[in-house]
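First the structure, in the form of structure tokens, and then the observations on it.
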Amino acid sequence: MKRRISFFVLALSAAAAFADNENYDGQDVSGQDFNGMSLMDSTWVGSVARDADFGKANLANADFRNADLTKAFFSGTTLAGANFEGATGTRPF
């Protein structure tokens, strides 16, 4: 039983660290820390991410259309294929 619980906790931790394909559409994630996370193919359409830290995150193919990225931090972030159409605030390029 103890071994099963340990495995479950480990699997849950790995899922939290690797959150590809996440949907943050319309959410307010202002000030949250996504530093170093894998968020490939995630969607942020219409979200508010003011002062969010995306430093060193993998946001390949992420969709930030119409998102508010005021003062968001993108240093060292992978942005290949990301869509920022209509987004406002910090220009991550």
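The values are calculated or read from the model by the stated rules, or taken from the named source; none is laboratory data. What you see is a predicted model; the values in this text were computed from it and never measured. We place every Cβ from the backbone using ideal geometry, glycine too, and count neighbours over all the protein chains shown.
Taken over region 33-55, residues that are surrounded by fewer than 15 Cβ atoms within 10 Å (Cβ to Cβ) and either out of contact with any Asp or Glu (no Cβ under 8 Å at 6 or more places or on another chain) or not charged (D, E, K, R) (or both) amount to 1.
The set of residues in region 42-63 that are assigned to a strand (DSSP E or B) and under 13 Å from Gln32 (Cα atoms) comprises Val48, Asp53.
Note on region 75-92: among residues that are assigned to a loop (DSSP other than H, G, I, E, B) and in contact with a Lys or Arg (Cβ under 9 Å, 6 or more places away or on another chain), the one that is modelled with the lowest pLDDT is Thr90.
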